[in-house]
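For reference, the structure is listed below as structure tokens.
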Ligand code: AHR
């Protein structure tokens, strides 16, 4: 089976970042971080700390939406505990309504009085998990209770920017214009603005971020890149702006498919160049899904398990996630040829591990999976890669917020808990809006046996940023067995004080459950400041943050 037709195999192999062996300074310390305080790499867009929500399984219904008359605490039908937790980590942007669902969605179905909204077949009804459900709920028949108004309310409650993915496969281009008009036309100005007003939202939503289709090489229309380029022109040219600096995001490749990006940009920028200043983003999806170590490229068979895994699987998952940096670099290089000033940035709007079914908390949670400390490290190393590439990445949204792949939250009915990923986002939020700094992370590689052959993975990596007089360093120690006595030196400044936070667990399978919701969470990490440098021991298999005040 390949992913082009059913979320198919992402086959490109990426390079692994390899760090040098133990340097000569390392007598009493195992690792060193050097932060170059005067070497700024660019502002870390708060929007790279975003989340993705799709009408699939238990994400919207059960996850976000519980209904106004629910006994579950809610605001306007939206789960209060979720909103409160999201506010703790300052979710900057939320992508909706898909995913693949977006290209089957008619936005008109989700506006107007809830009782009059039509019930439609959900894009995911054919999914094996959905087909087995006894109760044919929203996983199969979409009730449209949660539509544009409800999504905007969700964004307002969480202070997040809305990022709306428009339907390019199955609605005409004029409907894209009209959705923008519904969201952004001034109060009372158009019939659609009046309909919005009648729903209690007279003021425009001012939606800036718009996806132009999703995975248009696959579920979003199965287009050839040249065809998609021509559709992209048609859907985006002369879209009404209402004075908003719209950010239109093109549907990027399957995995790291170079050909898709090349041909799309060739078509858009040569012969009859398309000059739309609002074309500002190129989407990348990277799922760490094939953990077979080269044994198969089958989309299903290649998957690993969220909870049952051994030491090799631990490193394999981290390696797969780590490929994101190579993908960003390869895609950026192609875009450089056509857009040398890089007006168009990378938008990584789906990322995370994707395991086989079986650990979802409820059968209705299609693509639901448990989240262990391994996934927390994978998420952290991905966010570090975004921080290091802050000049390239303008938006990133984790797939997906709740009851899905790399979730921050798992819940069912009135039970709710935060996964280890939540604590990563909680730690890393300090980077939002900060200036990314060049930093070198040095430690011996981790060595392990990979099917009888020696394999290695970097021993320490991370990112650094600056906000005023605070330097923020986040790092991942992937070694399952070894803590790292680490020295953090600031090139160009001197540390006066520091605080540390870390997430780790001696059990690599550790995760949270309804019964034990606080099994994995972050805790404070002891740090020492001596001679303007910071000394800290990074526990084995950990994500850590050190915040340093500088003179
Ligand atoms: O996140 C689940 C699915 O994965 C999305 O709908 C699709 O865009 C991707 O293939």
Select from region 101-112 the residues that are over 10 Å from residue 165 (Cα atoms) and touching a helix residue (DSSP H, G or I) at 6+ places or on another chain (Cβ under 6 Å) and list them in ascending order. 104, 107, 110, 111
If residue 98 passes every condition in (1) assigned to a helix (DSSP H, G or I); (2) surrounded by 23 or more Cβ atoms within 10 Å (Cβ to Cβ) but one, which one does it miss? (1)
Would you say residue 482 is surrounded by fewer than 21 Cβ atoms within 10 Å (Cβ to Cβ) and part of a strand (DSSP E or B)? no
Could you check residue 405 against (1) over 14 Å from the mean Cα position of the chain (by Cα); (2) part of a loop (DSSP other than H, G, I, E, B); (3) crowded, with 20+ Cβ neighbours inside 10 Å and say which number it fails? (1)
Residue check, residue 264 more than 26 Å from residue 92 (Cβ to Cβ) and in a loop (DSSP other than H, G, I, E, B): no
Taking interchain pairs and intrachain pairs at least six residues apart, which have beta carbon atoms under 7 angstrom, with the first residue in region 206-220 and within 19 Å of residue 184 (Cβ to Cβ) and modelled with pLDDT of 95 or more and the second more than 10 Å from the ligand (Cβ to nearest atom) and assigned to a loop (DSSP other than H, G, I, E, B)? 206/244; 208/244; 208/245; 208/246; 210/246; 212/168
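Return yes or no: is residue 392 farther than 17 Å from residue 351 by Cα, touching a residue at least 60 places away in the same chain (Cβ under 8 Å) and more than 16 Å from the ligand (Cβ to nearest atom)?
It is false that residue 392 is farther than 17 Å from residue 351 by Cα, touching a residue at least 60 places away in the same chain (Cβ under 8 Å) and more than 16 Å from the ligand (Cβ to nearest atom).
Within region 408-426, which residues are over 12 Å from the mean Cα position of the chain (by Cα) and buried (at least 23 other Cβ atoms within 10 Å of the Cβ)?
409, 410, 411, 418, 419, 420, 422, 423, 424
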Note: among 58, 14, 67, just one is under 21 Å from the mean Cα position of the chain (by Cα), modelled with pLDDT of 95 or more, over 18 Å from residue 161 (Cα atoms) and outside any strand (DSSP E or B), namely 58
Restricting attention to region 494-507, report how many residues are in contact with a strand residue (DSSP E or B) (Cβ under 7 Å, 6 or more places away or on another chain) and touching a residue at least 60 places away in the same chain (Cβ under 8 Å). 3
Are there any pairs with C-beta distances below 7 angstrom linking a residue in region 49-61 that is closer than 22 Å to residue 380 by Cα to a residue that is near the ligand (Cβ under 9 Å from one of its atoms) and assigned to a strand (DSSP E or B), with the two at least 6 apart or on different chains, and if so which? 52/349; 52/350; 52/399
Going by what's in this entry, would residue 375 be described as in a helix (DSSP H, G or I), within 16 Å of the ligand (Cβ to nearest atom), crowded, with 24+ Cβ neighbours inside 10 Å and in contact (Cβ under 8 Å) with a residue 40 or more places away in the chain? yes
Among the residues of region 28-44, the number that are surrounded by fewer than 20 Cβ atoms within 10 Å (Cβ to Cβ) and under 27 Å from the mean Cα position of the chain (by Cα) is 4
Filter region 43-64 down to residues that are more than 16 Å from the ligand (Cβ to nearest atom) and under 13 Å from residue 416 (Cα atoms), then give me how many there are. 1
Residues located in region 215-229, provided they are within 16 Å of the ligand (Cβ to nearest atom) and not in a loop (DSSP other than H, G, I, E, B): 228
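Out of the residues in region 101-127 that are part of a loop (DSSP other than H, G, I, E, B) and surrounded by fewer than 18 Cβ atoms within 10 Å (Cβ to Cβ), state the one that is nearest to the ligand (Cβ to nearest atom).
Once the filter is applied, the top-ranked residue is 106.
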Residues of region 275-320 being assigned to a loop (DSSP other than H, G, I, E, B), under 30 Å from residue 232 (Cα atoms) and either within 16 Å of the ligand (Cβ to nearest atom) or in contact (Cβ under 8 Å) with a residue 60 or more places away in the chain (or both), which ones? 277, 289, 299
Residue in region 193-214 that is farthest from the ligand (Cβ to nearest atom), counting only those that are in a helix (DSSP H, G or I) and surrounded by 18 or more Cβ atoms within 10 Å (Cβ to Cβ): 193
Evaluate region 334-343: report whether one residue or more is within 19 Å of the chain's Cα centre (by Cα) and touching a residue at least 12 places away in the same chain (Cβ under 8 Å). no
Inspect region 135-152 for any residue being over 16 Å from residue 208 (Cα atoms), part of a helix (DSSP H, G or I) and in contact with a strand residue (DSSP E or B) (Cβ under 8 Å, 6 or more places away or on another chain) and give the result as yes or no. yes
Any chance region 290-302 includes a residue that's surrounded by fewer than 20 Cβ atoms within 10 Å (Cβ to Cβ), within 25 Å of residue 459 (Cβ to Cβ) and in contact with a strand residue (DSSP E or B) (Cβ under 9 Å, 6 or more places away or on another chain)? yes
State whether the residues of region 243-251 include one that is away from the ligand (no atom under 16 Å from the Cβ), touching a residue at least 60 places away in the same chain (Cβ under 8 Å) and assigned to a strand (DSSP E or B). yes
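The values are calculated or read from the model by the stated rules, or taken from the named source; none is laboratory data. No experiment lies behind these values; they were computed from the predicted model shown. Cβ sites come from the backbone with ideal geometry, for glycine too, and all protein chains shown count toward neighbours.
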